[in-house]
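Structure record follows, encoded as structure tokens.
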Amino acid sequence: MTRRLRPPVPLWVRCHADGCPAVLRRGGRERAITRIAATWVRPAPWWADEEEAPADPLRAARTYYKVIVDGVAAYEIFQSATEGRWYIEKVID
Amino acid sequence: MAGVSSTAWTELHCHSAFSFRDGASPPEALAARAAALGYRSLALTDHDNLCGLVAHARACADVGIRPIAGAEVTLASGAHLTLLARDAQGYRSLSSLLSHAHLAGEKDAPRITLEELAPYTIGMECLTGCRRGPVVGTLLAGNGEAASAALGRLCEIFGAAHVWVEVQRGGLADDNRLCYELARLARRHGLPTVATGNTHYACVEERDLQDVLVCLRHRRPLTAARPYLRPGAPWCLPEPTTIARRFQEYPGALRGAVALAERCAFDLSHIDTAFPAFPVPAGETADSYLRALVLGGARERYGAPLPDPVRQRLEHELGVIAALGMADYLLVVWDIVRYAQEQQILCQGRGSAVGSAVCYCLGITAVEPLTHHLSFERFLAPGRSDPADIDLDLPADRMGQSPAREAVIQYVLARYAGHAALVANVVTYQKRLAVHEVGMALGLAPGQIDALARDADLLVPEEADERAPASTPALLVGRALSLPESGVLRRLRRLSARLVGLPRHLSQHPGGIVLTARPLAEVVPVEHARMENRLVIQWDKESVERAGASGLAKVDLLGLGMLRAIDDCFALIAQQTGTRPTLHGLACDDPRVYEAICRGDTIGAFQIESRAQIAFCLPQLQPRTLGDLTVAVALVRPGPVQGNATHPYLRRRQGREAVRYPGGPAARPLVEPILADTLGVCLYQDQVIELCRAAGLDDAEAAEVRRAMSSGRSPARMAAVRARLDAALTVQGIDAAGRSEILDMVQAFSGYGFVRGHAAAFAYLAYLSMHLKLSFPAAFYTALLNAQPMGFYPTEVLTQDAARHGVRVLPPDLRARRADCTLEADGSVQLGLRLIRGLGADACARLEAALGAEPFPCDIEELCVRARLDEDEALALARAGALSCYIAERRQAMWQAPLVARAARERWLPSLRAAVDPPVHLAQPTPAERFALDRAALGLAPEGHVLTYLRPALSHRRLHRATDLETVPVSRMIEVAGQVIVLQSPPTAHGVWFMTLSDETGLINVVVPPGVYVRDRAAVRGEALVWIRGMVTRRGGVVALQVAWVRPLSSLLAMAHLARHARPFQV
């Protein structure tokens, strides 16, 4: 069963040199990303009034990764384009 | 990137703004960005067209990369296929294929099936396309076998050696799966893969504009357009490192792009632009036949034997024409003129051809070039590589008349069928439309959008600089609509500024026709025009001139409203006098005509009726010859105005300033021979080119100067010309200050100026129109009113001018039986039914048919039955007073006519009608009320000026009339009231607005300084009747008011009302 986290939960991630996620911390421990199954980009709604939400990172463009962790767990995580922070949005069982 | 350098990759699937609302960058921006990213080549693959190809090729050449020609073709199934031209044959195939698709489908909906592609595959490379491609589309639907079959079908059609499996990674969730399956499919069929970016804009910053364009395509605001917006990563030209990372698992696809780019070797010279041969009599060549025609025409015009200067000039011109291989072109144009004359259609050449004695002898042009010192070299010169271009003026077509110009166009299209079509016109977004469209995309309310669009000039900055602060007027506009500068307003301004200038759609050039020896569909894609029986190519004038090695030759068949008026006027004169005047052969030496021109009494005259001519140029210039009139026509143009030529010329002409030449003493030997007859200033394009030649520029460079001035009027191209000319002038030993003066003068001509011959041709028509106005005023005004809309002034101003010239203007009357204005036997002008507001062309045609039949309808009921009038049409006739032959009193007619129309339509019994329509007696309207009814019904008042009726109510204030101004001392502050008939602010006026007011005695020139305009903008822009206070100025014999304030006249009338009713007692 897939569980969607609303709002997305901040996530600690260490990346490879090319910017792809290599390790994430979940459940209090670091876990290796063994495979990136897919990656895609969700553009930002640039027309949204920035005065209403001046620096909301969740309104920025996102680069999504569907990752397999430790060869078993699958997550959908994304990186916000404005401040580079990582979030987890879906846990796929 | 294994096996291939990251910088070697090239984009083979790229949309420019010519994909019309599916691409946000012009070809020039894409080429520049590609070069900056290190690309070696760049393909252009717009949707179903090659509109941007020439611009793309030129832009690529400018930045040193190789252009690749292609298109993304939409199949009848809706699938997309990316096609690239491998070579010249491939280009012809691509052009033919697109022509086939457009001609088989509807306008803007090309239609071609996969099977129909087969005859057009020679020389082409086929990419399997984007997610809407026949292969990828079926894969996305989960049907691998169907995808394989589709790929196999493409291999059958194009040949397996020319099919490439296109893979894209645009940041979508299923990219990985799709790339994997496409690569597997390619391996299975033994085909190469090719990585493309499916670019839709040059830089990532353009994404917002692309999103707005998508909204415009789907007519939805951004908030509701999510499903239509391009998802994923930015679809801009990718950096080499980005593309390497995206396709690191598919190095073969990167190598494929490089290999395919190498294979496609498109060059503009692949386009065969040869002109068709004119069919000459047996035993003749084009040159010998042309010579015979020219000498025959010369003997008719100059007599035999020919004077030596004429003979020498003709020999020179015929020699140049032969050397350039232009005889066929001139024979084609001669044939068109011959056809027009046979059909009794007025036809006259304009433009640089007026400088050619050959064209004069062939009857193509009307002005004798030797007497008027017109240069042939501006038309044709040895070594000139750009195509000739002759413009022919024909009467503008008007509804309800036999289409003269269309007849000539159809003659050319039929005679050269398959080898001729009209040139396109690329319609671009202008400020007002841009604000409107962006406002819609941003989700603003319709009322806000309309208000913002009205002030687009103030809102939209010239440069799309995000950091530029909003101007005060822009902020004021925004505040008035409660839009904060930092929010929607900023976005609106920024996006609108970037949208301005982008192509919106393709339309037709006013009359340019290209002709080619090769079937035209092989040279450039051809499609249906909106008008019936017309074909239009996908290139605009600029592309036509720059296509191939030397451009495509074209003939412009232009509709001229004044020629329509002159044609009608000739017919009326023939009706009056029994003799029809001819277009050519007028002596142009009547002092009476020049007296009127010097007075500025030129409303209705061709080219010299504008506010600037009447209020400024003509009274100072005092023209007395056709040469002077040529100067007047050329003087009030952006080129001379920006080049600071206009005022110095007039001062020198009046002896108020000594003649001096630009560039200082060192430049004088170079400049004086060229500018002597224009008193040291540059008035004509020819002079700029002569100057460039004298400075040492070669023919090709001079041709580029000509193009920069006349084609695109591109500041960037003029700047390039400037740099080259600067170097040439330096070699001539001219110092920096002198060079700068000359260069500024030349650069100003990028703002547009006339060729001397063109100005002479227009001056001839200006003289002719003035001659008709003075000699046959009633016929002239009748013809002019029938030719509307045209010229500078609305119908009301023309009728006021007619009244000032003693011509009686009668209100519309059914007894005239005509929709058009007619000339009465007593010399008055009977206004036609066409001028009545609320009567469409269809109603006018029904009325003409009903009234034309005998006997004349005996009452309104019979009229309504015979003309099938509805209530609104009957009311419109009554309001205009056109039913006076049935009911003398207008209000009575307005009461009865709609009821009668309804009764007639619904076939009421007489008893019902009597019950519904009891007899009523309404009061006669007062003269002022009649005036108001006329204005409402016709937009003009045949019986008088609005100020005539308002003047008594304004008597409490000391107001001057137009005729008083001549006697008011200079610098006196006065007040006037008037109707605004002209309001303009030319770009050269730096924010100053010019108004022309009319009152019951004449016209008043008004100058509104920028500060007053900003403060009193509502009154200046929005009021038809104004009350103005200003200082009288008189310069060079021209009287004007320098405005202190502008107010609505209604405020003065309200004050008068208050003044009358504020008295505490009654007498």
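The values are calculated or read from the model by the stated rules, or taken from the named source; none is laboratory data. On a predicted model such as this, the values are computed, not experimentally measured, just so you know. Cβ atoms come from the backbone with ideal geometry, glycine included; neighbour counts cover every protein chain shown.
Filter segment B:166-180 down to residues that are free of Cβ contacts under 8 Å to residues at least 60 places away in the same chain and among the hydrophobic types (A, V, I, L, M, F, W, C) and give me whichever is nearest to B:Ala253 (Cα to Cα). Explain how you work it out, then say what you get.
Kept after step one, since they are free of Cβ contacts under 8 Å to residues at least 60 places away in the same chain, are these residues of segment B:166-180: B:173-178, B:180.
Then keep just the ones that are among the hydrophobic types (A, V, I, L, M, F, W, C); that gives B:173, B:178.
Values: B:Ala173: 20, B:Leu178: 14 Å.
Checking each candidate, the answer is B:Leu178.
Does segment A:1-41 hold any residues that are closer than 25 Å to B:Leu178 by Cα and assigned to a strand (DSSP E or B), and which are they?
A:Thr2, A:Pro21, A:Ala22, A:Ile33, A:Thr34, A:Arg35, A:Ile36, A:Ala37, A:Ala38, A:Thr39, A:Trp40, A:Val41
I'd like the residue in segment B:136-185 that is within 43 Å of the chain's Cα centre (by Cα), closer than 23 Å to B:Pro238 by Cβ and not in a loop (DSSP other than H, G, I, E, B) and, out of all such residues, is farthest from the other protein chains (Cβ to nearest Cβ).
B:Trp164
Just to be sure, is A:Arg31 away from chain B (no Cβ under 12 Å) and either more than 27 Å from B:Glu205 (Cβ to Cβ) or modelled with pLDDT under 85 (or both)? Walk me through it before giving the result.
Details: away from chain B (no Cβ under 12 Å): yes; either more than 27 Å from B:Glu205 (Cβ to Cβ) or modelled with pLDDT under 85 (or both): yes.
Here the answer is yes, as A:Arg31 does meet what is asked.
Which count do you get for residues in segment B:186-210 that are outside any helix (DSSP H, G or I) and without any contact (Cβ under 8 Å) to a residue 60 or more places away in the chain? Give the steps one after another, and end with the answer.
Step one: of segment B:186-210, the residues outside any helix (DSSP H, G or I) are B:190-203.
Okay, now just the ones that are also without any contact (Cβ under 8 Å) to a residue 60 or more places away in the chain, so B:190-191.
So the answer is 2.
Just name the residue that is farthest from B:Ala441 (Cα to Cα) out of those in segment A:41-93 that are at pLDDT 90 or above and aromatic (Phe, Trp, Tyr).
Per the stated criteria, the residue is A:Tyr75.
In segment B:239-295, how many are of a type in the set (Gly, Ala, Ser), within 30 Å of B:Trp334 (Cα to Cα) and more than 36 Å from the chain's Cα centre (by Cα)?
Let us first name the residues in segment B:239-295 that are of a type in the set (Gly, Ala, Ser), namely B:244, B:252-253, B:256-257, B:259, B:261, B:265, B:269, B:274, B:277, B:282-283, B:286, B:288, B:292.
Narrowing the set further to residues that are within 30 Å of B:Trp334 (Cα to Cα) leaves B:269, B:274, B:277, B:282-283, B:286, B:288, B:292.
This time we only want the ones that are more than 36 Å from the chain's Cα centre (by Cα), so: B:282-283, B:288, B:292.
Within segment B:239-295, residues that are of a type in the set (Gly, Ala, Ser), within 30 Å of B:Trp334 (Cα to Cα) and more than 36 Å from the chain's Cα centre (by Cα) number 4.
Considering (1) assigned to a helix (DSSP H, G or I); (2) touching a strand residue (DSSP E or B) at 6+ places or on another chain (Cβ under 8 Å); (3) surrounded by 20 or more Cβ atoms within 10 Å (Cβ to Cβ), say which one B:Arg739 fails and leave the rest.
Every listed condition holds for B:Arg739 apart from (2).
Using beta carbons and a limit of 6 Å, which pairs, at least six apart or on different chains, have the first residue in segment B:21-42 and more than 12 Å from B:Arg58 (Cα to Cα) and of a type in the set (S, T, N, Q) and the second one at pLDDT below 95 and assigned to a helix (DSSP H, G or I)?
From segment B:21-42, the pairs are B:Ser25/B:Glu206.
Any idea which of B:Ala453, B:Ala414 is more than 24 Å from the chain's Cα centre (by Cα), surrounded by fewer than 22 Cβ atoms within 10 Å (Cβ to Cβ) and part of a helix (DSSP H, G or I)?
On the way: B:Ala453 fails: more than 24 Å from the chain's Cα centre (by Cα).
Answer to the selection: B:Ala414.
If I filter segment B:240-262 down to residues being more than 14 Å from every other protein chain (Cβ to nearest Cβ) and charged (D, E, K, R), which single residue comes out as farthest from B:Ala29 (Cα to Cα)? Can you show your working first?
Going residue by residue through segment B:240-262, those that are more than 14 Å from every other protein chain (Cβ to nearest Cβ) are B:240, B:250-262.
Still in the list and also charged (D, E, K, R): B:255, B:262.
Numbers: B:Arg255: 26, B:Glu262: 23 Å.
Per the criteria, the residue is B:Arg255.
What's the total number of residues in segment B:212-239 that are among the aliphatic types (A, V, I, L, M), within 13 Å of B:Ala441 (Cβ to Cβ) and within 13 Å of chain A (Cβ to nearest Cβ)? First the steps, then the outcome.
Pass one, segment B:212-239, residues among the aliphatic types (A, V, I, L, M): B:212-214, B:216, B:222, B:224-225, B:229, B:233, B:237.
Of the ones still in play, those that are also within 13 Å of B:Ala441 (Cβ to Cβ) are B:212-214, B:216, B:222, B:224-225, B:229.
Now restrict to residues that are within 13 Å of chain A (Cβ to nearest Cβ): B:212, B:214, B:222, B:224-225, B:229.
Number satisfying all stated conditions: 6.
Could you list, in sequence order, all residues of segment B:835-852 that are free of Cβ contacts under 8 Å to residues at least 24 places away in the same chain and not aliphatic (A, V, I, L, M)? I'd like the intermediate steps shown before the answer.
First, the residues of segment B:835-852 that are free of Cβ contacts under 8 Å to residues at least 24 places away in the same chain: B:840, B:842, B:846, B:849-850.
The answer is B:Gly840, B:Asp842, B:Arg846.
Out of all the residues in segment B:706-723, is one or more at pLDDT 85 or above and on the phi < 0 side of the Ramachandran plot?
The initial filter retains those residues of segment B:706-723 that are at pLDDT 85 or above, namely B:723.
If we keep only those that are on the phi < 0 side of the Ramachandran plot as well, we get B:723.
There is at least one residue in segment B:706-723 that is at pLDDT 85 or above and on the phi < 0 side of the Ramachandran plot.
Check B:Val333 against each of (1) aliphatic (A, V, I, L, M); (2) part of a helix (DSSP H, G or I); (3) over 17 Å from B:Asp389 (Cα atoms) and name the one condition it does not meet.
Failing condition for B:Val333: (3).
Of everything in segment B:655-692 that's of a type in the set (Asp, Glu) and in contact (Cβ under 8 Å) with a residue 12 or more places away in the chain, which residue is surrounded by the most Cβ atoms within 10 Å (Cβ to Cβ)?
The initial filter retains those residues of segment B:655-692 that are of a type in the set (Asp, Glu), namely B:657, B:672, B:677, B:686, B:690.
Cutting the leftovers down to in contact (Cβ under 8 Å) with a residue 12 or more places away in the chain gives us B:677, B:686, B:690.
Details: B:Asp677: 13, B:Asp686: 25, B:Glu690: 20.
The extreme case among them is B:Asp686.
Any idea which of (1) buried (at least 20 other Cβ atoms within 10 Å of the Cβ); (2) at pLDDT 85 or above is the one B:Arg846 doesn't satisfy?
Condition not satisfied by B:Arg846: (1).
Of all residues in segment A:1-18, which are touching a Lys or Arg at 6+ places or on another chain (Cβ under 9 Å) and free of Cβ contacts under 8 Å to residues at least 24 places away in the same chain?
If the condition is that a residue be touching a Lys or Arg at 6+ places or on another chain (Cβ under 9 Å) and free of Cβ contacts under 8 Å to residues at least 24 places away in the same chain, then A:Arg14, A:Asp18 are the ones that fit.
Anything in segment A:62-93 that is crowded, with 16+ Cβ neighbours inside 10 Å and polar (S, T, N, Q)? List them, or say none.
Once the filter is applied, which keeps residues that are crowded, with 16+ Cβ neighbours inside 10 Å and polar (S, T, N, Q), segment A:62-93 yields A:Thr63, A:Gln79, A:Ser80.
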